[in-house]
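A quick write-up on the structure given underneath.
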Amino acid sequence: KVGLISGICMIVGTIIGSGIFVSPKSVLANVEAVGPCIIVWAACGLLATLGALCFAELGTMITKSGGEYPYLMEAFGPIPAFLFSWTSLLVTKPSSFAIICLSFAKYASAPFYPGCDPPQVVIKCLAAAAIVVITIVNSLSVKMGSYLQNFLTAAKMIIVIIIIVSGIVLLAQGKTENFKDSFKDSKISVGSIALAFYNGLWAYDGWNQLNYITEELKNPYRNLPLSIIIGIPLVTVCYILINVSYFTVISATELLQSPAVAVTFGDRVLYPASWIVPLFVVCSTLGSANGTCFTAGRLVYVAGREGHMLKVLSYISVKRLTPAPALIFYGTIAILYIIPGDIDTLINYFSFAVWIFYGLTVLGLIVMRFTRKEFKRPIRVPIIIPFIVTLISILLVLAPIITQPELAYLYCALFILSGLIVYVLFVHLKFKWPQKILKPMTMHLQMLLEVAPEEDVPE
């Protein structure tokens, strides 16, 4: 029952979140000039569009839920598919939740520390509190979580419109001095561009979300590619206009020194109503965090049900009909990511992991053109598009490691590979002793949270 307009709204609403209020500073820090910064934002939108078109072919060819999981299973077998679910559950989804809540905390605390960065302990405590509150809300009621999401999504679009309209008015008044010599002193290298892309693409993450509801689209063979072709370029235009708005009133040097870019913009443009900006940005980031918790909690729950995680994670609250243990597990992992990490490190960590699997999935599309010729392909993209996306994915993964190596990438790679040990022991050999050891704790948790396996929950 989801039509074209709803599909476009879903793409726009899912992508626009905390990224556009956090990433501009990091993108600029890597290229060090206004011109290349704007180009990176446009190029990230183009890459997201090409990637989404590849996923459109996969989604209409293999009409199964689970995002990349069934595509990797068909193309390469169970091991890469398991590594994707393993990495999603313990790296990409919780780190994404942590980044969004840290962004919320940064903007929520910025008005109380004018002219300087809020203390890290304040940001991390606020972020942890946000994770706890969102986890509790979603554990108590599905309806409460969805109502909260609707309200926060509306607030998100209001702040985007305010920033864009303000920027257009200022440009019309001739505020263009920050765009002169916009390529001067730029720092262009393969590594710096890759890291700039990491931060830009973080703001576009969610471009593949329409694949999760392919079966619910009206006429998906028409509406899926149309939603992508209209929705993602629309987000790209919004992002470019927001960045242009920032640069109309904030110089590149001032933007790099700003503790919260949108707050600085609001102080310069909307004074004395500048409090509107942090308030609506906080709503936007909370909306993203709530949506992430809502969907990723279900991923943990499904993994528990399929035997890829502890059985207790597949339990449902008897009274509230929510996957409470899965949500609590997910929130706990996210809090652990907050303790040692800052936003930029976590974004690099997240992007490195997620683009390994985006690239592998699109490579699977190329492989299946030769190994699965019998599959019907209602949407068939030109073969050059998946080749381009795969090549860029390889560059995005390898360039920062070669040019600016950090331990975060090593830890991430080792963690992904450790999934092989887990797969061999607990999926292939089907070791049952962890379930037996944890059985007393599971029974206690059942009583404490009033949860039960799905088949025991009354209709």
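Scanning for something assigned to a helix (DSSP H, G or I), farther than 30 Å from N199 by Cα and not aromatic (F, W, Y), does segment 337-353 turn up at least one residue?
For segment 337-353, residues assigned to a helix (DSSP H, G or I), farther than 30 Å from N199 by Cα and not aromatic (F, W, Y): absent.
Would you please list the contacts, defined by Cβ atoms under 8 Å and residues six or more apart or on different chains, that run from a residue in segment 13-35 that is within 15 Å of A194 (Cα to Cα) to a residue that is in a helix (DSSP H, G or I) and hydroxyl-bearing (S, T, Y)?
Note: pairs meeting the criteria are P24/Y246; N30/S192; V31/S192.
Need a quick list: helices (runs of 4 or more DSSP H) entirely within segment 70-172 having at least 3 residues that are over 20 Å from T322 (Cβ atoms) and of a type in the set (S, T, N, Q).
93-109
As an exercise: evaluate W86 against (1) open to solvent by 10 Å² or more (accessible area, probe 1.4 Å); (2) farther than 26 Å from I328 by Cβ and give the number of the one condition it does not meet.
Of the numbered conditions (1) open to solvent by 10 Å² or more (accessible area, probe 1.4 Å); (2) farther than 26 Å from I328 by Cβ, the odd one out for W86 is (2).
Only one residue in I15, I39 is at pLDDT 90 or above and over 30 Å from K373 (Cα atoms), so which one is that?
Unique residue meeting the criteria: I39.
Being open to solvent by less than 10 Å² (accessible area, probe 1.4 Å), modelled with pLDDT under 85 and at negative phi is the requirement here; does P386 meet it?
no
Name every residue in segment 322-359 that is under 18 Å from P400 (Cβ atoms), more than 14 Å from the chain's Cα centre (by Cα) and either surrounded by 24 or more Cβ atoms within 10 Å (Cβ to Cβ) or at pLDDT 90 or above (or both), in order of residue number.
Matches in segment 322-359: I356, G359.
Give the number of residues within segment 214-252 that are in a helix (DSSP H, G or I), open to solvent by 10 Å² or more (accessible area, probe 1.4 Å) and more than 14 Å from E57 (Cα to Cα).
Result for segment 214-252: 12.
Out of everything in segment 16-33 that is part of a helix (DSSP H, G or I) and either open to solvent by 10 Å² or more (accessible area, probe 1.4 Å) or hydroxyl-bearing (S, T, Y) (or both), what residue ends up being nearest to G191 (Cα to Cα)?
N30
Within segment 192-204, is even one residue open to solvent by 50 Å² or more (accessible area, probe 1.4 Å) and touching a residue at least 12 places away in the same chain (Cβ under 8 Å)?
Scanning segment 192-204, I find at least one residue that is open to solvent by 50 Å² or more (accessible area, probe 1.4 Å) and touching a residue at least 12 places away in the same chain (Cβ under 8 Å), so the answer is yes.
The values are calculated or read from the model by the stated rules, or taken from the named source; none is laboratory data. Keep in mind that this is a model prediction, so the values were computed, not measured. Positions of Cβ are backbone-derived with ideal geometry, glycine not excepted, and every protein chain shown enters the neighbour counts. Surface areas here come from the heavy atoms of the whole protein model, side chains and all, with no ligands, DNA or RNA. Shrake-Rupley method; radii C 1.70, N 1.55, O 1.52, S 1.80 Å.
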